[in-house]
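These notes concern the structure reproduced below.
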């Protein structure tokens, strides 16, 4: 029971931070927040993603490139140029690391005022810190796992952020249905999206990249959207426009 709760908690908390903070806030600037909440969610993203923490600046640059070059050769992670999800992920990782380490500057169109916390970025990119998170996951499983085969779940914990990204980038541009002709291969991958908190309604999102609600049809549901509305009501964030 403890292992199941830990896995579900890690999966959805990490995923929420990716869709709320990295995607909708850092990449699309769908809402604003003051410095306290910016730092709070920056730190919360670091804690929940742990060993697989994704740098907000690098994530945002790549995501904006993805929208601009969707399913073309310049798309950082279109599944239509790779034979499998592993090749796509490795290609994405190489581009991502260039922006994390400032080995490469983005094109002028993708430069911007992204969330940045240099101290935490340096800490999170330290391999001692990443490995320490992995050790904590391992020790938790070692103590609470009733059978050792559950250890097979550990690689998902180690790479939680990239696992979410790989599922969204691969499935969201290969499998499902389209509400709109976006001149790319973006799809809405229901019902898998129930496990991805709105991220797999890619066709809807590519149609309206700045819409805070990824659902468009009456029977579609974006689980993150009502949470964001509540946070707006509580004045934790301020939506840029009503949605």
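The residue list 23, 28 contains one member that is touching a residue at least 24 places away in the same chain (Cβ under 8 Å), touching a helix residue (DSSP H, G or I) at 6+ places or on another chain (Cβ under 7 Å) and over 18 Å from residue 133 (Cβ atoms), which is 23. Please state which one of 31, 138, 44 is surrounded by fewer than 20 Cβ atoms within 10 Å (Cβ to Cβ) and within 16 Å of the chain's Cα centre (by Cα). 44 is the lone residue from the list that is surrounded by fewer than 20 Cβ atoms within 10 Å (Cβ to Cβ) and within 16 Å of the chain's Cα centre (by Cα). Within segment 6-21, not a single residue is modelled with pLDDT of 95 or more, more than 11 Å from the chain's Cα centre (by Cα) and either more than 19 Å from residue 159 (Cβ to Cβ) or outside any helix (DSSP H, G or I) (or both). Within segment 109-119, one or more residues are within 30 Å of residue 189 (Cβ to Cβ) and over 21 Å from the mean Cα position of the chain (by Cα). Among helices (runs of 4 or more DSSP H) entirely within segment 132-243, having at least 1 residues that are in contact with a strand residue (DSSP E or B) (Cβ under 6 Å, 6 or more places away or on another chain) singles out 202-207, 224-233. Checked against the criterion of being farther than 28 Å from residue 32 by Cβ and in contact with a strand residue (DSSP E or B) (Cβ under 7 Å, 6 or more places away or on another chain), segment 96-115 contains not a single residue that satisfies it. Taking segment 200-228 as the range and being within 26 Å of residue 34 (Cβ to Cβ) and either surrounded by 15 or more Cβ atoms within 10 Å (Cβ to Cβ) or touching a residue at least 12 places away in the same chain (Cβ under 8 Å) (or both) as the test, the residues that pass are 209, 210, 211, 212, 213, 214, 222, 223, 224, 225, 227, 228.
Per the listing 176, 165, the residue uniquely out of contact with any helix residue (DSSP H, G or I) (no Cβ under 6 Å at 6 or more places or on another chain), over 30 Å from residue 1 (Cβ atoms) and either surrounded by 17 or more Cβ atoms within 10 Å (Cβ to Cβ) or touching a residue at least 12 places away in the same chain (Cβ under 8 Å) (or both) is 176.
Being touching a helix residue (DSSP H, G or I) at 6+ places or on another chain (Cβ under 6 Å) and either closer than 16 Å to residue 54 by Cβ or in contact (Cβ under 8 Å) with a residue 40 or more places away in the chain (or both) is the filter here, so list the residues in segment 96-114 that pass it. 96, 99, 100, 106, 110, 114 - these are the residues of segment 96-114 that are touching a helix residue (DSSP H, G or I) at 6+ places or on another chain (Cβ under 6 Å) and either closer than 16 Å to residue 54 by Cβ or in contact (Cβ under 8 Å) with a residue 40 or more places away in the chain (or both). Note on segment 85-128: among residues that are exposed (fewer than 10 other Cβ atoms within 10 Å of the Cβ) and assigned to a loop (DSSP other than H, G, I, E, B), the one that is modelled with the lowest pLDDT is 103.
The values are calculated or read from the model by the stated rules, or taken from the named source; none is laboratory data. This structure is a prediction, so every number in the text was calculated from the model and none was measured. Note that we place each Cβ from the backbone using ideal geometry, even for glycine, and neighbour counts take in every protein chain shown.
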